[in-house]
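In what follows, a structure is listed as structure tokens, so that the remarks can point back to it.
The values are calculated or read from the model by the stated rules, or taken from the named source; none is laboratory data. Everything quoted here is computed from the prediction, not taken from an experiment. Glycine also receives a Cβ, built like all others from the backbone with ideal geometry; neighbour counts cover every protein chain displayed. To get the accessible areas, we keep the full protein, side chains included, count just its heavy atoms, and leave off ligands, DNA and RNA. Shrake-Rupley method; radii C 1.70, N 1.55, O 1.52, S 1.80 Å.
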Amino acid sequence: MKLHDAIEQLYVAFFTVNRPKRIICESYGLSEGELKQLLTYPLRELRSPILCSYLFDAVYNVGVWDDFRFFLPRLLETFTIEEIDLSSIAERIKYGQDKRFPLSQSQKTALKDFAKSYWDDILYKEPMYGLMILSLGTLGPFGVQRDELLYIWRNHPNRALILAFAAQYNNTVPPEWDRTELVGWLEEAFFTTTNEEVATLLSNAVIYLEAAESKFDA
């Protein structure tokens, strides 16, 4: 599923959540102007600054779980294009799960599809950030297991280049994978690339893998 389609699926899945009529918080939590924006602006017109202000203490001390569910599609959409902390969103989802707060099956599916689509997309655009997300388990609360993310990586057109980044800059490769196979990925990509910088990166990664005495966790 393309990332755009996954975002639209989020809006459909969370459409049944009513917009809050009031957001409970202390006066230092959100200003009157911020509250007015959250309560009256069309959901898709809420911008990063107000969403960041809301997210800073959302669910914990600002608003309730259903408020968060209402804003969640816009939070995730905005995260993909502006500055919003994904880990903060993931922490709230995990908190809701721990508290057994409601999430419908369609909402769970939409969150998982979003996470998988985002992971696939970020491996094209910012593979180093993608590797950090994998290492920290950031997408776990979205319902995605590590083996599912590795499956997407294994089948990704960029798989060898991502592996080269992991080996050279993180000094790590997934221990689940056989190093001989990984060297094969790198060599295949090395002999097909016309970019000298990429070729050097791939070659150095081969040297690293062949010299490594053990497997490393990503």
ask   = Just the accessible area per residue of segment 91-152, please: how many Å² with a 1.4 Å probe?
value = 51
Whole-Å distance, taken between Cα centres, linking segment 117-191 and segment 8-71 = 34
query = Taking Cα atoms, how many degrees apart are the long axis of helix 127-136 and the longest axis of the chain, rounded to 10 and kept between 0 and 90?
reply = 70
inquiry  = Can you give me the angle between helix 159-169 and the longest principal axis of the chain, using Cα atoms only, in degrees from 0 to 90, rounded to the nearest 10?
reply    = 90
key: Cα→Cβ-extended label distance, 7 Å offset, between residue 82 and residue 64, nm   = 2.8
Phi-based couplings in Hz for segment 148-158 (Karplus 6.51, -1.76, 1.60; Gly and Pro marked x) = 6, 5, 5, 4, 5, 4, 4, 9, 7, x, 9
note = In whole percents, the bins of 10 Å from zero upward hold the Cα-Cα pairs of the chain as 8, 31, 27, 18, 12, 4, 0
Residue 194-residue 211 pseudo-label distance in nm [points 7 Å out on the Cα-to-Cβ vector] = 3.2
Computed helical MRE - 222 nm, the chain, DSSP H runs ≥ 4 contributing -39500 (n - 2.57), nearest 500 = -19500 deg cm²/dmol
key: segment 103-181: relative contact order in percent, alpha carbon pairs under 8 Å with at least 6 residues between   = 30
key: Net +/- balance of residues flanking residue 3 in space, Cβ distance below 12 Å, scoring K and R +1, D and E -1   = -3
Net lengthening on full extension, residue 101/residue 40 (0.36 nm per residue, minus Cα-Cα) = 19.5 nm
